[in-house]
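The values are calculated or read from the model by the stated rules, or taken from the named source; none is laboratory data. In this text the structure is predicted, and so the values were computed from the model without any measurement. All Cβ positions, glycine included, derive from the backbone under ideal geometry; neighbour counts span all protein chains shown.
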Amino acid sequence: MGSDGTDDKSTANGDGRATSHGGADADAAISVRSLTMSFGDNTVLGGVSFDVPRGRTTAILGPSGTGKSVLLKNIIGLLHPDAGEIWVDGEQIVGMRERDIYRVRRKFGVLFQDGALFGSMNLFDNIAFPLREHTRMTERAIRDRVLANAEMVGLLDHLKKLPGEVSGGMKKRAGLARAMVTAPEIILFDEPDSGLDPVRVAYLDELVVTAQRETGATFFIITHNIPSVMRTADFFGVLFRSHLVRFGPTLEMQQSDDPVIQQFIEGRSRGPIGMDEMDESSDGGSQGAAGSRGRDDTGSGFPPRSPDAGRAPDASAGRQGRDDGTDGALADGEGTWRAGDTARNGIVTV
Ligand SMILES: Nc1ncnc2c1ncn2[C@@H]1O[C@H](COP(=O)(O)OP(=O)(O)O)[C@@H](O)[C@H]1O
Ligand SMILES: [Mg+2]
């Protein structure tokens, strides 16, 4: 397997099996091929390739600001790369018509960095939202589905509460229930641990492992949290200075002698990764909202939602919920949420 992923076509399974659909691996839920994206002079992704095996948990690790959220936005089709291919379930989405992109997006559930809940809706309605928005299920069927998902994440007794009335950990769990409620094939997580203390992260990780096992869905997690990756991921890769340093099964990665991988895994200050690349790593709250707001080609950053039109997620929490690590990397665009955009963007789980 290539060391920088530039034109690495090997699969995460590493067995050289024949590929189908052009560059995509037939066993992969998502295949990323030579993905390249720059903002002006800033090359964020310099030719990144990897396969996300179907029905397993894969993580992409990397210091803050390395392009993890940019990668995720490319996979959902919210950002368009300068070059490269992204295959989702055998369909190449780069350059696809918007209408088709919306259709492909329905395969995804997304757990946003801050849970991205509607502050004015109780947890039940938040979890029910994708079903009401994107399906024709009856209220009775919706109720059953919401309760089943709420039970899985341990929120059955809290469904009448507003997001502002529950802890950061509960918001994450509600976000996870909402991401799973439509039974998507692929669930994407943008730094699910952000803003949580280590014990809550450990609980959330347990939940992620259980949820993956129960749903059999493909889980794809971007994070900088090493212990979390060790607990949850079957495969992981490390994104560093625009490249994927290495990608492989977790056990193999742990034994890697690559200095970047070693430094990152061990969390050491000495090594190729400098302070500037590490120093924002624990606080999701500082940079994203201001750092990337409004620069996406989507205009508002991320799919706005109708019920809380014109306001940010969790607005009723008065932003005191900073403990939930709202960095807005995906759910940015505060004040720009517009009615009807959910349907237009076709994201099932927001
Ligand atoms: N819409 C955008 N316009 C310009 N630069 C961006 C945009 N989104 C992200 N960036 C830049 O891309 C780099 C990677 O950002 P990001 O993917 O958010 O990092 P992280 O790994 O922390 O998620 C950063 O230098 C950031 O400033
Ligand atoms: Mg990010």
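Before moving on, here are some points about what is shown:
- Members of the range 36-58 that are within 13 Å of ligand 1 (Cβ to nearest atom) and under 20 Å from PHE219 (Cα atoms): VAL48
- Evaluation of ASP157 against the conditions (1) within 27 Å of SER69 (Cβ to Cβ); (2) in a helix (DSSP H, G or I) shows that the sole unmet condition is (1).
- Flag if VAL209 is surrounded by fewer than 17 Cβ atoms within 10 Å (Cβ to Cβ) and touching a residue at least 24 places away in the same chain (Cβ under 8 Å): yes
- Selection from the range 171-221 of residues that are in contact with an Asp or Glu (Cβ under 7 Å, 6 or more places away or on another chain) and within 16 Å of ASP234 (Cα to Cα): ALA217, THR218
- Restricting the range 126-171 to residues that are closer than 20 Å to ILE187 by Cα, among the charged types (D, E, K, R) and touching a residue at least 12 places away in the same chain (Cβ under 8 Å), the residue that is surrounded by the most Cβ atoms within 10 Å (Cβ to Cβ): LYS171
- Test for ARG103: is it surrounded by fewer than 20 Cβ atoms within 10 Å (Cβ to Cβ) and without any contact (Cβ under 8 Å) to a residue 24 or more places away in the chain: no
- Residue match in the range 246-263 (condition: touching a Ser or Thr at 6+ places or on another chain (Cβ under 6 Å) and either within 14 Å of ligand 1 (Cβ to nearest atom) or at pLDDT below 85 (or both)): no
- Of GLY77, GLY62, all but one fail to be within 16 Å of ligand 1 (Cβ to nearest atom) and without any contact (Cβ under 8 Å) to a residue 40 or more places away in the chain; the exception is GLY77.
- Looking at the range 1-113, the strands (runs of 3 or more DSSP E) lying wholly inside it that each contain 1 or more residues that are among the hydrophobic types (A, V, I, L, M, F, W, C) and modelled with pLDDT under 90 sit at 108-111.
- None of ALA83, ALA59 is surrounded by fewer than 20 Cβ atoms within 10 Å (Cβ to Cβ) and not hydroxyl-bearing (Ser, Thr, Tyr) except ALA83.
- Being hydrophobic (A, V, I, L, M, F, W, C), within 21 Å of ARG103 (Cα to Cα), more than 16 Å from ligand 2 (Cβ to nearest atom) and out of contact with any Cys (no Cβ under 9 Å at 6 or more places or on another chain) is a property that ALA141 lacks.
- Residue check for ALA233: of a type in the set (Gly, Ala, Ser) and surrounded by 24 or more Cβ atoms within 10 Å (Cβ to Cβ): yes
- Boolean, THR223 is modelled with pLDDT of 70 or more, among the hydroxyl-bearing types (Ser, Thr, Tyr) and more than 16 Å from ligand 2 (Cβ to nearest atom): no
Matching residues to (1) more than 16 Å from ligand 2 (Cβ to nearest atom); (2) under 24 Å from ILE142 (Cβ atoms):
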position	(1), (2)
THR66	no, no
LEU78	no, no
ILE101	yes, no
PHE118	yes, yes
ASN122	yes, yes
